[in-house]
Amino acid sequence: MNEILKELLEGLDLRGKRELKGFSRYSVDLSGKIFDKITGDFKKNTPNSKGYVYHTLKDDNNKSVTVSMHQIVMAAALSVEIGWWKQFNLVIDHRNDNPSQNNFENLQLITQSANLKKRENVKSCKRFSKEEIEELYNDFEQLEDIVHGQYHHSYEQLANKFGCSAITIQLRYLDYKKAQ
């Protein structure tokens, strides 16, 4: 299995748009964007409440299929069908634990057990005390001064400060914004 993956990744050109097998209406930019050839526009990436991006695409049989962005990017990058990696008991992992960042460099194929172990570490990393939440919310107020969309570096800094993952901070920030 590792030999197959090495062969696929060797000499992989990450520039330009890639075709998506079974979905010829679209091309995929490996930075995490889908181009619809019929409308001539990129599809909008909107994360769900868990931070994952999903798209409903029309396959080559004109059937609507809902697929996660990380699966779309991985399949396009490797020039394989969506889900191909499942036959090797592999799943797609976001290296930085931020499910809304679907650029190919942030994605990796790992075993389900390795992914679960990683998730355990993320989930169990932090329970905030009332004082820590107040301090975190004060830090969030300072985030408002940062240019919109440039938060990830700040999430990482706050994660280091509070001893948790950047995704934990991001989810807390989204909760904070909803409460305002």
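Just so you know, all these numbers are worked out from the coordinates, no wet-lab data involved. In this text the structure is predicted, and so the values were computed from the model without any measurement. Glycine gets a Cβ as well: all are built from the backbone with ideal geometry, and neighbour counts include every protein chain shown.
Label positions at THR56 and GLU19, each projected 7 Å from the Cα along the C-beta direction, are separated by 2.7 nm. Computed extension gain for SER64 through ILE110, at 0.36 nm per residue and net of the alpha carbon distance, reaches 13.8 nm. Ranking LEU57, PRO99, GLN87 by how far each Cα lies toward the positive end of the dipole of segment 56-109 (charges on Cβ) leaves LEU57 at the top.
Note on ASN138 and LYS37: the extension gain reaches 31.9 nm, defined as 0.36 nm multiplied by sequence separation minus the Cα-Cα distance. Peptides 56-66, 18-28, 130-140 ordered by packing proxy, namely the average of other Cβ atoms within 10 Å per residue, highest first: 18-28, 130-140, 56-66.
Modelled spin-label separation between THR46 and ASP175, with each label point placed 7 Å from Cα along the Cα-to-Cβ direction: 2.4 nm. Over 30 Å apart at the Cα level, from the set LYS21/LYS50; LYS86/LYS117; LYS37/LYS118, are LYS37/LYS118.
With +1 on each Lys and Arg Cβ and -1 on each Asp and Glu Cβ, and nothing else charged, work out how big the dipole of segment 2-118 is about its Cα centre, in Debye to the nearest 20.
360 debye
The residues packed around GLN112, meaning those with a beta-carbon under 12 Å from its beta-carbon, carry a net charge of +3 if Lys and Arg are +1 and Asp and Glu are -1.
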